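Novice: This is the structure I have questions about; it appears just below.
No value in this document is a laboratory result; all are computed from the given coordinates. Please read all numbers here as calculations on a predicted model, not as lab measurements. Quick reminder, even Gly has a Cβ in these numbers, built from the backbone with ideal geometry, and neighbours come from all protein chains shown.
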Amino acid sequence: MPSFDIVSEVDQVELRNAVDQTNKEVTNRFDFKGTDARVEVADKLLTLFADDDFKLDQVFDILTAKFAKRGVDVRCLDRQDSQKVGGNKVKQEIKLKVGVEGELAKKIVKQIKDSKLKVQASIQGDTVRVSGAKRDLLQETIALVKKSITDVPLQFNNFRD
């Protein structure tokens, strides 16, 4: 029975490359000379450091530009509030949206069922598996989900005939 998975992933290699390029540009730019502006990567978390909120916004703009060049979707970023860190330094955490969350998965499954397409959708962890009798139905389902869900980057993989 043909099936595919709906997932939300971030390419970790491209993410690391974009962060490295951002750090390199920040260290070379004249307006950041003598500052402690940088981006650090932990698992599913980016941390931006800068001297003030204005420089923090500039670092974020550089980061999003590098993401766009590397093909990483910026909709996967969940920007938190900035925090003061000792003295006049600030930091900001940016969470990566990875995996299809429970509410979004339920919304996708409900939408697929409401569309009256003859496919079955089931939630399996942080993915949604869709299976149907014909490949054409699955392609219609992909088009439906792409059109309706625009706030989160979704990928469709594991397509099997």
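Novice: Given the rule -39500 (n - 2.57) for each run of at least 4 DSSP H residues, summed and divided by the residues of the chain, what is its mean residue ellipticity at 222 nm, to the nearest 500 deg cm²/dmol?
Specialist: It comes out at -12500 deg cm²/dmol, rounded to the nearest 500.
Novice: Starting from the stretch 54-161, pick out the trypsin sites (Lys or Arg not before Pro) whose DSSP state is loop and whose Cβ has at most 14 other Cβ atoms within 10 Å.
Specialist: 116, 118, 134
Novice: Computed from the coordinates I sent, Cα extents along the principal axes in Å equals one of (i) 48, 32, 22; (ii) 42, 33, 28; (iii) 62, 25, 23. Tell me the label.
Specialist: So the calculated entry is the one marked (iii).
Novice: Here's something else I'd like to know. Run through the stretch 1-110 and list the GluC sites (Glu not before Pro) located in a DSSP loop whose Cβ has at most 15 other Cβ atoms within 10 Å.
Specialist: For GluC sites (Glu not before Pro) across the stretch 1-110 that sit outside H, G, I, E and B with at most 15 neighbouring Cβ atoms in 10 Å, the list reads 101.
Novice: Right, another one. Considering only 102, 34, 125, give the residue with the highest GNM mean-square fluctuation for the chain, with springs between Cα atoms whenever their separation is below 10 Å.
Specialist: It is 34.
Novice: Take the residue pairs 69/146; 110/134; 69/134 and return only those whose Cα atoms are more than 32 Å apart.
Specialist: Exceeds cut-off: 69/134.
Novice: For the residue pair residue 110 and residue 142, what label-to-label distance in nm results when each label sits 7 Å from Cα along the Cα-to-beta-carbon direction?
Specialist: In this crude spin-label approximation the distance works out to 2.6 nm.
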